[in-house]
Structure formats: structure tokens, C-alpha cells
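Chemist: My structure is below; once you've seen it, I'll send some questions.
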Amino acid sequence: MSAEPTEERIGGWLLAPLAWLIVALLSASLAVLLYAGVLLSPAARSNLAALTTTNLSLWLLSLVFAVGMWCYTLWLTAAFFKRRKLVPKHYIIWLLISVLLAVKAFAFAPVSDALALRQLLFPLLATALLVPYFKRSERVKRTFIKP
């Protein structure tokens, strides 16, 4: 008889990263829907056509990042529920990308510093708490074992 690793269900402290992931998926879905609304609205498309090439390029780059982040978050959520072995590594990468996008918003968005700091605070806090948990937790190692 071989000793196979016991597979645990998603529970305990893993519910917090899962909740954060689901909320981020909803937020990314809303962002993609807002971009789609701009592309589908004739008035908004005419406003886009009036933008300078630089501003239009930046808007399109933001659209690409929003769609890319939505796809990555959707894939990571599905892998999380399937308890795949690569989830801890990709969840850490996803958190770091979230921090980079928050820093980008803080540095380049024309919003107040208080709002930008609030947008930066949550990804930083989540990264500071969840990265060590995903790297060291035995529960994580026992939960994410499927190839």
C-alpha cells in the first residue's frame, strides 16, 4: 500500500484568498463591461475617435490589461476550485500583478491621493498577508495537490 497525500477541501484560512479572488473577478468583469459599453456606444466611440493618438493608445492599452487581468483571474479562480498544484505560485504572481496595477494607478491616474492610496492599500495588505501564507502553510500544500 502506498501512502498517498490526503486531499483537503478548500476551507479555513483559504476561504479569505478565495473570497479576494472572487471579488477581484467581479471587479475585473465590471471593468471589462465598462470598456465594452464604451466600444458599443456610438457617442462614446466618436469621443474615442476625437482622442489624440497617445491618449487612444493608452486607452487601448488599459483595455488590453483589463481583459488580460480578467482572463488570468478567471483561469486562476477555476484552478483554485480544482485545487491544482500550480495555484500557490500563480496566486502569488496574481497578487504581485495586482500591486503593480495599483501602483500604476497611484502614479499615473488623475485621482485624489486619498483614493489612490486606498486602492493601493488593499492589494499591498493582501500581498503582505497572503504571500507568506501560501509559501509556508501546510494546509496549502495539502489542498493544492492535483496536477
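Chemist: Rounded, prolate or oblate: which fits region 88-147 when a ≥ b ≥ c are the square roots of the eigenvalues of the alpha-carbon gyration tensor, with rounded for a/c under 1.5 and prolate only if a/b beats b/c?
Modeler: prolate
Chemist: Note down the Stokes-Einstein diffusion coefficient of region 11-76 in µm²/s, whole number, using a Kirkwood radius over alpha carbon pairs, 20 °C, and 1.002 mPa s.
Modeler: In µm²/s, the coefficient is 160.
Chemist: Also: How many percent of the accessible area of the chain is carbon or sulfur, using a 1.4 Å probe?
Modeler: Taking all protein chains in place, the chain shows 72 percent carbon and sulfur surface.
Chemist: Separate question: Could you tell me the extents of the chain's C-alpha atoms along the three principal axes, largest first, rounded to whole Å?
Modeler: Principal-axis extents of the Cα atoms in the chain, largest first: 70, 31, 20 Å.
Chemist: Straight-line reach from residue 82: which lysines have Cα under 27 Å away, leaving out those fewer than 8 places along the same chain?
Modeler: Straight-distance partners of residue 82: 135, 141, 146.
Chemist: Also, I was wondering about something else. So how far, in whole Å, is the C-alpha centre of region 18-46 from the one of region 83-147?
Modeler: Cα centroid to Cα centroid, the span is 20 Å.
Chemist: Oh, and also: With every protein chain left in place, what is the accessible area per residue of region 8-147 in square angstrom, probe 1.4 Å?
Modeler: 63
Chemist: Simple spin-label model, 7 Å along Cα-to-Cβ: residue 26 to residue 10 in nm?
Modeler: 1.5
Chemist: Kyte-Doolittle cut-off -0.5, length cut-off 30 Å along the helix's own axis using Cα: show which whole DSSP H helices in the chain pass.
Modeler: Once both thresholds are applied, what remains is 15-40, 53-82, 87-108, 113-136.
The values are calculated or read from the model by the stated rules, or taken from the named source; none is laboratory data. All figures in this text were calculated on a predicted structure; none of them were measured in a lab. Positions of Cβ are generated from backbone atoms using ideal geometry, with glycine treated the same way; all protein chains shown enter the neighbour counts. Surface areas here come from the heavy atoms of the whole protein model, side chains and all, with no ligands, DNA or RNA. Shrake-Rupley method; radii C 1.70, N 1.55, O 1.52, S 1.80 Å.
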